[in-house]
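Engineer: Handing you a structure now.
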């Protein structure tokens, strides 16, 4: 996995929240399967919005997240972008 700074470099227009040096272990989009060290990606669907689970992701050990909003309020470092689904594809 790359550091938040490296990810930010791949995502023009992203806003870094917290330390650029954080390097997550793996990417996860499901808080039910989240493990310590994960990079949580908050996706929004028709029936859910994972941004509602940012505090839970932080409590479960996510070291950073990719979101459109709410990182600071959840106490999570990470990157804020306009579209998390698109950004996830750009990082893949």
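Engineer: If I go through the range 71-92 residue by residue, how many of them are on the phi > 0 side of the Ramachandran plot and crowded, with 17+ Cβ neighbours inside 10 Å?
Structural biologist: Residues in the range 71-92 being on the phi > 0 side of the Ramachandran plot and crowded, with 17+ Cβ neighbours inside 10 Å: 1 in total.
Engineer: Kindly provide the set of residues from the range 1-30 that are in a strand (DSSP E or B) and free of Cβ contacts under 8 Å to residues at least 60 places away in the same chain, ordered by number.
Structural biologist: 26, 28
Engineer: Taking the condition of being closer than 21 Å to residue 92 by Cβ, surrounded by 14 or more Cβ atoms within 10 Å (Cβ to Cβ) and in contact with a strand residue (DSSP E or B) (Cβ under 9 Å, 6 or more places away or on another chain), how many residues in the range 24-59 meet it?
Structural biologist: Selection size over the range 24-59: 16.
Engineer: Then there's this: How many residues are in contact with a helix residue (DSSP H, G or I) (Cβ under 7 Å, 6 or more places away or on another chain) and farther than 18 Å from residue 15 by Cβ when one looks only at the range 59-90?
Structural biologist: Total meeting the criteria: 1.
Engineer: Going by the conditions given, is residue 62 at pLDDT 95 or above, surrounded by 21 or more Cβ atoms within 10 Å (Cβ to Cβ), under 11 Å from the mean Cα position of the chain (by Cα) and assigned to a loop (DSSP other than H, G, I, E, B)?
Structural biologist: On the way: at pLDDT 95 or above: yes; surrounded by 21 or more Cβ atoms within 10 Å (Cβ to Cβ): yes; under 11 Å from the mean Cα position of the chain (by Cα): yes; assigned to a loop (DSSP other than H, G, I, E, B): yes.
So residue 62 passes the test.
The values are calculated or read from the model by the stated rules, or taken from the named source; none is laboratory data. Every value quoted in this text rests on a predicted model; they were computed, and no experiment measured them. Glycine also receives a Cβ, built like all others from the backbone with ideal geometry; neighbour counts cover every protein chain displayed.
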